[in-house]
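Here is the structure we will look at, set down as structure tokens.
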Amino acid sequence: MNHRYLFQNRRRFLRTVSFGAALFAVPGAFAAELVRTPAQTEGPFYPDHLPLDTDNDLLVINDKTTPAVGDITWLSGRILDSKGDPIRNALVEIWQCDNNGAYIHSGTGNRDKQDKNFQGFGRFLTGSSGEYLFRTIKPVPYPGRAPHVHFAIKMKGRKELITQCYIEGHPGNEKDGVWKGIKDEKARKSVTIPFTPMKGSRIGELAAKFDVVMGLTPEA
Ligand SMILES: [Fe+2]
């Protein structure tokens, strides 16, 4: 977000409230600029059978020694409420296809090429910081879709938000019906994240950060 946008947005915000209310509302002015993560289709490939391992390392299944094929990526972020405060005890689930375009699903395409070492699905329960972390692969395209990672955020066993994140700058985004279906430009930008080389990694690992802003207001 550039400064000009911040400035304009704050001006607009201040114009819409009375002077007295503005005084009280100013500390929340930043929160008002948070873009709520848009909900997106779950798609057909949420695992219909869970892998033997559902931890946050998708590269290695249990104690196998052979890792999955793909560009190693540390995918992290925070689960935030509508005011920008971290949400604890949010169960973050991700799923994505392997480097050959196959999901952990009996109806997946590319089954014959499936990477048996890719977990394809993982879970992380947030603590008080709201942060989550996965080690996975950089998503790849498959017919009809730009690269993406599916997310489900569950709280108290309930699916609160289903969404997907995309690779910033990937040419496939512009042709992707789901991505284009997010009509609000800021919302689309909020799910389109850079995958950048991780500092100090000698094996070319990538890092990607995806903060999820829920429509929830904090519990009193
Ligand atoms: Fe998908």
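What follows is calculated from the coordinates using simple rules that are stated; it is not laboratory data. The model shown is predicted, which means the values in this text are computed figures rather than measured ones. No Cβ is skipped: glycine too gets one built from the backbone with ideal geometry, and neighbour counts run over all protein chains shown.
What pairs can you find where one residue is in region 82-94 and more than 22 Å from residue 44 (Cβ to Cβ), the other is among the small types (Gly, Ala, Ser), and their Cβ atoms are less than 6 Å apart, with a gap of 6+ or different chains?
Pairs that qualify, where the first residue is more than 22 Å from residue 44 (Cβ to Cβ) and the partner is among the small types (Gly, Ala, Ser), are 82/215; 83/31; 84/31; 86/129; 86/130; 87/130; 88/127; 88/128.
Considering only residues that are in contact with a helix residue (DSSP H, G or I) (Cβ under 7 Å, 6 or more places away or on another chain) and not β-branched (Val, Ile, Thr), look in region 37-71 and name the one that is surrounded by the fewest Cβ atoms within 10 Å (Cβ to Cβ). Walk me through how you get there before you give the answer.
So the first thing to find is which residues in region 37-71 are in contact with a helix residue (DSSP H, G or I) (Cβ under 7 Å, 6 or more places away or on another chain), and the list is 37-38, 40-41.
Among the residues that remain, those that are also not β-branched (Val, Ile, Thr) are: 38, 40.
Numbers: 38: 18, 40: 21.
The extreme case among them is 38.
Looking at 204, 200, can you tell me which residue is more than 16 Å from the ligand (Cβ to nearest atom), under 26 Å from residue 124 (Cα atoms), out of contact with any strand residue (DSSP E or B) (no Cβ under 9 Å at 6 or more places or on another chain) and in a loop (DSSP other than H, G, I, E, B)?
Working: 204 fails: out of contact with any strand residue (DSSP E or B) (no Cβ under 9 Å at 6 or more places or on another chain).
Just one listed residue meets the conditions, 200.
Looking at 88, 111, 135, can you tell me which residue is touching a Leu at 6+ places or on another chain (Cβ under 9 Å) and either within 19 Å of residue 52 (Cα to Cα) or small (Gly, Ala, Ser) (or both)? Working first, answer last.
Numbers: 88 fails: either within 19 Å of residue 52 (Cα to Cα) or small (Gly, Ala, Ser) (or both); 111 fails: touching a Leu at 6+ places or on another chain (Cβ under 9 Å).
So the residue among 88, 111, 135 that is touching a Leu at 6+ places or on another chain (Cβ under 9 Å) and either within 19 Å of residue 52 (Cα to Cα) or small (Gly, Ala, Ser) (or both) is 135.
Would you pick out the residues in region 178-197 that are in a helix (DSSP H, G or I) and either under 20 Å from residue 131 (Cα atoms) or touching a residue at least 12 places away in the same chain (Cβ under 8 Å) (or both)? Break it down into steps so the answer makes sense when it comes.
Taking region 178-197 first, the residues in a helix (DSSP H, G or I) are 178-180, 185-190.
Passing the criteria: 178, 179, 186, 187, 188, 189, 190.
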